[in-house]
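The values are calculated or read from the model by the stated rules, or taken from the named source; none is laboratory data. Here the structure is a predicted model, which is why all the values come from computation and not from measurement. Here Cβ is always computed from backbone atoms with ideal geometry, including for glycine, and neighbour counts include all displayed protein chains.
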């Protein structure tokens, strides 16, 4: 099991290494530009949908295709060994090496050999394994493991590499990239000629030929496969493809999504044995299960084996960019690493790292195989919670308080009265009251040293709703309002603004009082029981009202209603049909205003163009595909959006993530967003998520109180007031 204390210490160590975070951010920013250029003129959605279908076909036919591959490979002269786990795979290679009296093995990059800890197994038997991939060689010399699937040494700096190479060569080397590459080429070249065995991985196991495919940038895999008289292919069974056509299609996506290249430097196809110095070369193909069949069989998680190991989920992950890959404690890192660790190494190995995910969906959006990585991680969190629990605080909050709507709302009302001694007015926003400091036993450092916390509103939206006068004759639509906890109890003014804007546009608003929390915080904590119960409460409340649409001003709630309610209640005949009907009616408020009401044409209120900037909430853009609409509405209301850098990068909130799970990581992610806002020079930042408002109002309150953080519908209502 991964020790919780050790894990937390590794997080702290990574957070204190500002140089590491800076380097990963620079790479991440450059990657986004390179990737965009690489896919220009191509339909990424179409390509990844096709790739997902290819991989799904392999999943369904995996046993047939594996038999076909083995038959064809053996017919071409290869020897194939099926290993049930990494130990069997290691034992096969060790036995082969002893038979050949091999003393050295030249290896190209193979993640499955890292997974098997093959180098250590060989070393124990007196067999030297030499990594010939530049990044792998660097981490081997450093006694480390890779921190990225594609770029193993991305966490290291040229000065560190120069020190390692100087020690290895006995020469004082300068930290110049060209010098270091030349030294690496010189040192590694001899390994190919001295090696008794060459070992490679495989990007493809082509079923209808029995051959393999290698996609590399350095050419070392080609040398490892051809120069030694024995070639070992060390690969997972999930690398199967049906034919060369499928493999070529994957090569169109792999380099573009991995590094932003149109094509890698070397694509090598090898089938069977070939002559070598007048003798017949041996090829041994070691195919490893090691938990892959169990993952294939998992209804909830099996899509993970669509993965082509491009590493893009790490490239865009705000957590990875903040703490690096070693924190994940596994060979495989970032979102896909969490899933693979659970199946290849055991659920206990994934216990801590599953909670490191902030749920921003960046990984799902960029995955070339269309894997919903976030959804799979949520499933694993549920399993982890069932086995290990989720802690006293969350147990009380979700199971005892939130499920009881009356108790929950009464406790919130009581807290709004008791918080007085802790609150003060926030500079720059006279109407906003915040909690600037907490008593030390509430861990003020994690909570209020770097941000203000919002105070609970004196009167919730639900308690204000009946006092709102709606003068709408012959409404064009009647909508139900799903308010969400953030707008209900923290920012009720956002809900009031929405009602006024909708009324102005001829829409009547209905507010079912039976609605409660959407349950997403419980689901994200792995408490599916509470999540399902709260979904039923919401479905029941909205089933009692006759409305044309249901709107929310919280994208997480919107996504919850549209996706999670349907999935959690799918097996319950009493609720599934109602959940589907509610899902079909539900929209984000901005999407409804623009796509249904065409509000921008009605809100052409001002020729003035006040400069603001805009933050894209994770679940709004990547969960609901809404990002154009708010900008269109804001422009119609007289605002000019000055785009911030990485406007759709997570703000660091992640629900309870920033309070209970990883406030330190959250703090660093938020710091990046604050810097991006500051660089625009805008004094107003708009957004469409109350959770993001909590995070950014609080952090900007400490960093620059003059910057106003506000919901889009509030700005629309203010524009209406000016007319």
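Couple of notes before you dig in:
- Against the test of being over 34 Å from the mean Cα position of the chain (by Cα) and closer than 28 Å to residue 150 by Cβ, the options 106, 102 yield a single qualifying residue, 106.
Condition check ((1) under 14 Å from the mean Cα position of the chain (by Cα); (2) over 21 Å from residue 28 (Cβ atoms)) across all residues:
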residue: 297; (1), (2): no, yes
residue: 305; (1), (2): no, yes
residue: 308; (1), (2): no, no
residue: 316; (1), (2): yes, no
residue: 327; (1), (2): no, no
residue: 344; (1), (2): no, yes
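- Whenever a residue of region 557-579 is in contact (Cβ under 8 Å) with a residue 24 or more places away in the chain and assigned by TED's automatic domain parsing to the domain that holds residue 495, its partners that are surrounded by fewer than 22 Cβ atoms within 10 Å (Cβ to Cβ) and part of a helix (DSSP H, G or I), lying with C-beta atoms within less than 6 angstrom and at least six residues away or across chains, give the pairs 562/583; 568/532; 569/575; 569/576; 575/536; 578/543; 579/566.
- Hey, residue 33 assigned to a helix (DSSP H, G or I) and surrounded by 14 or more Cβ atoms within 10 Å (Cβ to Cβ) or not: no
- Among the residues of region 118-139, those identified as outside any strand (DSSP E or B), touching a helix residue (DSSP H, G or I) at 6+ places or on another chain (Cβ under 7 Å) and under 21 Å from residue 314 (Cβ atoms) are 133, 134, 137, 138.
- Exactly one residue out of 294, 304 is assigned to a helix (DSSP H, G or I), closer than 22 Å to residue 249 by Cβ and modelled with pLDDT of 95 or more, and it is 304.
- Residue in region 385-401 that is at pLDDT 90 or above, within 35 Å of the chain's Cα centre (by Cα), in a helix (DSSP H, G or I) and crowded, with 18+ Cβ neighbours inside 10 Å present: yes
- Listed by first and then second residue, the pairs linking a residue in region 214-242 that is surrounded by fewer than 20 Cβ atoms within 10 Å (Cβ to Cβ) to a residue that is assigned to a helix (DSSP H, G or I), with Cβ atoms under 6 Å apart and 6 or more places separating them unless they lie on different chains, are 227/192.
- In region 679-688, the count of residues that are at pLDDT 95 or above, part of a loop (DSSP other than H, G, I, E, B), in contact with a strand residue (DSSP E or B) (Cβ under 8 Å, 6 or more places away or on another chain) and buried (at least 24 other Cβ atoms within 10 Å of the Cβ) is one or more.
- Filter pass, residue 96 being touching a residue at least 60 places away in the same chain (Cβ under 8 Å), surrounded by 19 or more Cβ atoms within 10 Å (Cβ to Cβ) and not assigned by TED's automatic domain parsing to the domain that holds residue 262: no
- Residue 297, sole failed condition from (1) in contact (Cβ under 8 Å) with a residue 12 or more places away in the chain; (2) surrounded by fewer than 21 Cβ atoms within 10 Å (Cβ to Cβ): (1)
- Given (1) farther than 22 Å from residue 575 by Cβ; (2) touching a strand residue (DSSP E or B) at 6+ places or on another chain (Cβ under 9 Å), number of the condition residue 504 does not satisfy: (2)
- First in region 699-723 and within 19 Å of residue 448 (Cβ to Cβ), second anywhere and modelled with pLDDT of 95 or more and surrounded by fewer than 16 Cβ atoms within 10 Å (Cβ to Cβ), Cβ under 6 Å, 6 or more apart: 707/683
- Helices (runs of 4 or more DSSP H) completely within region 461-542 that count 2 or more residues being modelled with pLDDT under 95 and crowded, with 19+ Cβ neighbours inside 10 Å: 520-524
- Note on region 220-245: residues that are out of contact with any helix residue (DSSP H, G or I) (no Cβ under 8 Å at 6 or more places or on another chain), within 17 Å of residue 129 (Cα to Cα) and assigned to a loop (DSSP other than H, G, I, E, B) total 1.
- Identity of the residue in region 83-117, out of contact with any helix residue (DSSP H, G or I) (no Cβ under 9 Å at 6 or more places or on another chain) and in a helix (DSSP H, G or I), that ends up nearest to residue 236 (Cα to Cα): 111
- Any hit, region 573-582, residues being within 29 Å of the chain's Cα centre (by Cα), surrounded by fewer than 21 Cβ atoms within 10 Å (Cβ to Cβ) and either in a helix (DSSP H, G or I) or at pLDDT 95 or above (or both): yes
- For residue 186, the test of being in contact with a strand residue (DSSP E or B) (Cβ under 7 Å, 6 or more places away or on another chain), in the same structural domain as residue 224 (by TED's automatic domain parsing) and not in a strand (DSSP E or B) is failed.
- Among residues that are surrounded by fewer than 18 Cβ atoms within 10 Å (Cβ to Cβ), under 30 Å from residue 662 (Cα atoms), touching a helix residue (DSSP H, G or I) at 6+ places or on another chain (Cβ under 7 Å) and not assigned by TED's automatic domain parsing to the domain that holds residue 253, residue 6 is not included.
- Residue within region 194-217 that is in contact with a strand residue (DSSP E or B) (Cβ under 7 Å, 6 or more places away or on another chain), on the phi > 0 side of the Ramachandran plot, modelled with pLDDT under 95 and not in a helix (DSSP H, G or I) present: no
- Scan of region 689-698 for residues that are buried (at least 24 other Cβ atoms within 10 Å of the Cβ) and in a helix (DSSP H, G or I), ordered by number: 690, 691, 692, 693, 695, 696, 697, 698
- Of all the listed residues (416, 430), the sole one being at pLDDT below 85 and surrounded by 15 or more Cβ atoms within 10 Å (Cβ to Cβ) is 416.
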